[in-house]
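Written out below as structure tokens is the structure these notes cover.
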Amino acid sequence: MHIALVTSSFPDPPETAGRIRAGKLARALARHGRVVLFSALRPEDREAETRRAGKGLEPFARVVTHPLQDARRGSGGEGPAECRRFPDALVRALAAAHEVHPFDVVVLASVLASRALGSIQRAPVVLDVPRIEWVARERDVRRSAGWLPRGLLELHRWRKFEHETWRRVDALTAARVADLPLIHAYRPDTGVHVSNGIDTGLHIFKPPSQRKGNTVLFSGPLWYEPNVQSVVTLATEVMPELRKRVPDATLTIAGKGADSRVTSLESDSVRLVGNMTSILALFADHAAFAVPPVAGRCPETRLLDAFSSGMPVVTSVEALPDPVAIPGRHFVHGHTPVDLAEGLARVFERRDQFDKMAALGNRMASRYDWELIGEGFARVVLGAAERRRV
């Protein structure tokens, strides 16, 4: 099987959800064939590409890269500016490679790479949807009254572009359950849920009864606005309530890209960790994981890692990316800051009573191992290739 993977950012180093997802799904595909990577380079990717110095990159048989272009100079038509930045040179390279050795299937890692569609002939195309762009941007636009008309026009452009792209591909996969009805409205014949996953083998299960200290952990990308709002609520509203009952309770905020709203939270009882090399130790050493909900948005945190490690999770149904975990069975439910503080206090005061919940959470998280998720994705891709051949 000869497979092309087209991405709008370099999948190495795997430091964001999108890059991690692209890399993990590529590894699954590589178990079934030869995968060639065609990747645009964002400014932050240049250093990684310089270090690579033309060497190979696992699991790819070949790597072709080119920097993003100025949206005004490309030939990308009327799509959103971010999509028009996908390099013409990379589109031509994909077409040339396909002409010499035709690909059995082409995988687009997101709609941001969809300009490559114009260069593909006689090969099925699978589009992965880590998120629906117009949905992700809509709430921010509606909150920004100062540029509402311009923002709504841009949203219309995104919505039209994504819908047209969905119609042009052979199969679609989506990371979020909530996005499937929107996809099925335009493509009822396809749209398969392929969630994000974790490397479950990295965590050593440690039940609540064996955890020491009254320490709360929040971990996720701190440049992501819903995460910022969630962690600010945790530090300024939940933790003060918790310390009324557990005076020595502390909070660790772990993640990259923190802005001043997050860095200003640091104090004697709030610690900020930006070095993610120690992340596994944090999951082993803390006593609870907490994620306050955010109105209309879903924080993107390392909840699955918390479940896998055996750490009790205190959160709201509204803060779960997928409605698989069950309140009271897998996690302690709390919606308001007072509810969340009460849940954390119960975890600290009655640890052994949460061992069963932690074991069930660990079992639930095991279903999200990247090995299993990747094989599900590979079945969709291989199925698209097989249908085109028939």
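The values are calculated or read from the model by the stated rules, or taken from the named source; none is laboratory data. Given the structure is predicted, the values throughout are model-derived calculations rather than measurements. With ideal geometry, Cβ positions are generated from the backbone for all residues, glycine too; neighbour counts draw on all protein chains shown.
Let's see how each residue does on (1) more than 27 Å from Tyr224 (Cα to Cα); (2) touching a Phe, Trp or Tyr at 6+ places or on another chain (Cβ under 9 Å); (3) at pLDDT 90 or above; (4) not assigned by TED's automatic domain parsing to the domain that holds Gly257:
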| position | (1), (2), (3), (4) |
| --- | --- |
| Ser8 | no, yes, yes, yes |
| Leu25 | no, yes, yes, yes |
| Ala48 | no, yes, no, yes |
| Pro67 | no, no, yes, yes |
| Gly74 | yes, yes, no, yes |
| Pro80 | no, yes, no, yes |
| Asp88 | yes, no, yes, yes |
| Ala95 | yes, no, yes, yes |
Check your understanding: Are any of the residues in region 239-249 free of Cβ contacts under 8 Å to residues at least 40 places away in the same chain, under 17 Å from Gly343 (Cβ atoms), outside the structural domain of Ala136 (by TED's automatic domain parsing) and among the aliphatic types (A, V, I, L, M)?
Key -> no
Revision key, fill the gap. Pairs returned, first residue in region 279-305 that is touching a residue at least 24 places away in the same chain (Cβ under 8 Å), second residue that is of a type in the set (Lys, Arg) and assigned to a helix (DSSP H, G or I), beta-carbon separation under 8 angstrom, 6 or more apart or interchain, are Ala287/Arg351; Gly296/Arg139; Arg297/Arg139
Check your understanding: charged (D, E, K, R), closer than 24 Å to Ser195 by Cα and either within 20 Å of the chain's Cα centre (by Cα) or not in a helix (DSSP H, G or I) (or both) - does that describe any residue in region 60-71?
Key -> no
**Study point:** Subset of region 7-47 (residues that are over 18 Å from Glu58 (Cβ atoms) and part of a strand (DSSP E or B))
**Key:** Ala40, Leu41
Exercise for review: Restricting attention to region 319-347, report how many residues are in contact with a Gly (Cβ under 9 Å, 6 or more places away or on another chain) and assigned to a helix (DSSP H, G or I).
Suggested key: 5
Point to revise | Test: residue in region 269-288 that is assigned to a strand (DSSP E or B) and farther than 21 Å from Pro337 by Cβ | key: yes
Practice item. Might you check whether a residue that is within 24 Å of Gly197 (Cβ to Cβ), surrounded by fewer than 20 Cβ atoms within 10 Å (Cβ to Cβ) and not β-branched (Val, Ile, Thr) occurs anywhere in region 232-245? Key: no
Check your understanding: Which of (1) at pLDDT 95 or above; (2) within 27 Å of Glu300 (Cα to Cα); (3) surrounded by fewer than 19 Cβ atoms within 10 Å (Cβ to Cβ) does Arg31 not meet, given it meets every other one?
Key -> (2)
Exercise for review: Quickly run through region 256-273 and pick out the residues that are on the phi < 0 side of the Ramachandran plot, of a type outside the set (A, V, I, L, M, F, W, C) and free of Cβ contacts under 8 Å to residues at least 40 places away in the same chain.
Suggested key: Asp259, Ser260, Arg261, Thr263, Ser264, Glu266, Ser267, Asp268, Ser269, Arg271
**Study point:** Cβ pairs under 6 Å, 6+ apart, first in region 149-178 and free of Cβ contacts under 8 Å to residues at least 12 places away in the same chain, second in a helix (DSSP H, G or I) and of a type outside the set (Val, Ile, Thr)
**Key:** none
Exercise for review: Output the qualifying pairs, or none if there are none: Cβ atoms under 7 angstrom, residues six or more apart or on different chains, first residue in region 309-335 and assigned by TED's automatic domain parsing to the domain that holds Ala287, second residue modelled with pLDDT under 95 and of a type in the set (Lys, Arg).
Suggested key: Pro321/Arg176
Study note, to complete from the structure: If we keep only residues of region 247-260 that are at pLDDT 95 or above and surrounded by fewer than 19 Cβ atoms within 10 Å (Cβ to Cβ), then the residue nearest to His203 (Cα to Cα) is Thr252
Check your understanding: Restricting attention to region 212-224, which residues are farther than 25 Å from Asp355 by Cβ and crowded, with 16+ Cβ neighbours inside 10 Å?
Key -> Gly220, Pro221, Leu222, Tyr224
